[in-house]
1. Working only within the stretch 121-138, note down all residues that are touching a residue at least 24 places away in the same chain (Cβ under 8 Å) and either closer than 16 Å to Leu98 by Cα or of a type in the set (S, T, N, Q) (or both).
2. From the list Val94, Val115, exactly one residue is among the hydrophobic types (A, V, I, L, M, F, W, C), surrounded by 13 or more Cβ atoms within 10 Å (Cβ to Cβ) and under 12 Å from the mean Cα position of the chain (by Cα). Which is it?
3. Looking only at the stretch 121-149, which residues are under 22 Å from Leu86 (Cβ atoms), outside any helix (DSSP H, G or I) and open to solvent by 20 Å² or more (accessible area, probe 1.4 Å)?
4. From the set of residues in the stretch 118-157 that are among the aromatic types (Phe, Trp, Tyr) and touching a strand residue (DSSP E or B) at 6+ places or on another chain (Cβ under 8 Å), which is nearest to Asp192 (Cα to Cα)?
5. Kindly state which helices (runs of 4 or more DSSP H) lie completely within the stretch 33-120 and contain at least 1 residues that are farther than 28 Å from Arg148 by Cα and modelled with pLDDT under 70.
Amino acid sequence: NDSAWIRLGWEQLARAYGFNAVAGFPLLADGKPVGAIAVFFAASLPSLDVDEPILRQLGAAGGAAIEAARTYERARSARNFLDRILEESNDAIVQFDLHGSVVSWNKGAERIFGVTRSQALGQLFYELPIIPPDRREDIRELLSRVARGEQVHVFEVECRQPDGGRLEVLLSAAPARDHEGKIVGLVAFSKDISEHKKYAEQLQRQNRRSEEHTSELQSHHDL
């Protein structure tokens, strides 16, 4: 933020490109230097008494613009990092607009539902072939509730795979808000629990057979 140092530091470069003089001012953001603005002159350095306030205002505005760009870049980098994590998740992570149309469909959703991103984007989720017709109204109402601000922690739904197979899915959904807290969309997380359900049903069958066998043994013993 030393105007003399900025001027002297640029003079050698100015002369190398055919300029005879240079004036420099700091770019400030909240009073802190974030860069510099340099004005090059082909002739000798004129009097900047009149233009100096304008140049300093330009420096302040330029500094604020640089800091805003850096903040945006940091936010974009964080967003890109988050997007990569969500994209590579094994679970299905789907984002919808307020009407229930798909706006984001990660690899987990492609793997679990067997529907590609290009097939899903722009489609109403509850009208996709993976949702049985008799459950579409339930899903539509669920998304409508979330769009009004509710959060659905656990919702179990049976889906259809493209090959006709059955898919048991555990669904959680929450509203997505902007920086002002306004609901701008929905995000849903889905986990395939088909194998877990099959295992649980198998255990239930084994327990029933064990209970029936025990009951038969008890009956023979009573006889």
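1. Within the stretch 121-138, Leu124, Phe125, Tyr126 qualify.
2. Matching residue, one of Val94, Val115: Val94.
3. Leu121, Gly122, Gln123, Leu124
4. Initially, the stretch 118-157 is screened for residues among the aromatic types (Phe, Trp, Tyr), giving 125-126, 155.
From what's left, touching a strand residue (DSSP E or B) at 6+ places or on another chain (Cβ under 8 Å): 125, 155.
Working: Phe125: 17, Phe155: 12 Å.
Among those residues, the one meeting the criterion is Phe155.
5. Details: elements: 52-87, 107-113, 117-120.
Hits in the stretch 33-120: 52-87.
For (1) open to solvent by 70 Å² or more (accessible area, probe 1.4 Å); (2) modelled with pLDDT of 70 or more; (3) more than 40 Å from the chain's Cα centre (by Cα), each residue gets a yes or a no:
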site: Leu167; (1), (2), (3): no, yes, no
site: Pro175; (1), (2), (3): no, yes, no
site: Lys182; (1), (2), (3): yes, yes, no
site: Ala188; (1), (2), (3): no, yes, no
site: Gln202; (1), (2), (3): yes, yes, no
site: Gln206; (1), (2), (3): yes, yes, yes
site: Glu212; (1), (2), (3): yes, no, yes
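The values are calculated or read from the model by the stated rules, or taken from the named source; none is laboratory data. If you're wondering where the values come from, they're calculated on a predicted model, not measured in any experiment. Quick reminder, even Gly has a Cβ in these numbers, built from the backbone with ideal geometry, and neighbours come from all protein chains shown. Side chains are part of the model used for accessible areas, which takes the heavy atoms of the whole protein and leaves out ligands, DNA and RNA. Shrake-Rupley method; radii C 1.70, N 1.55, O 1.52, S 1.80 Å.
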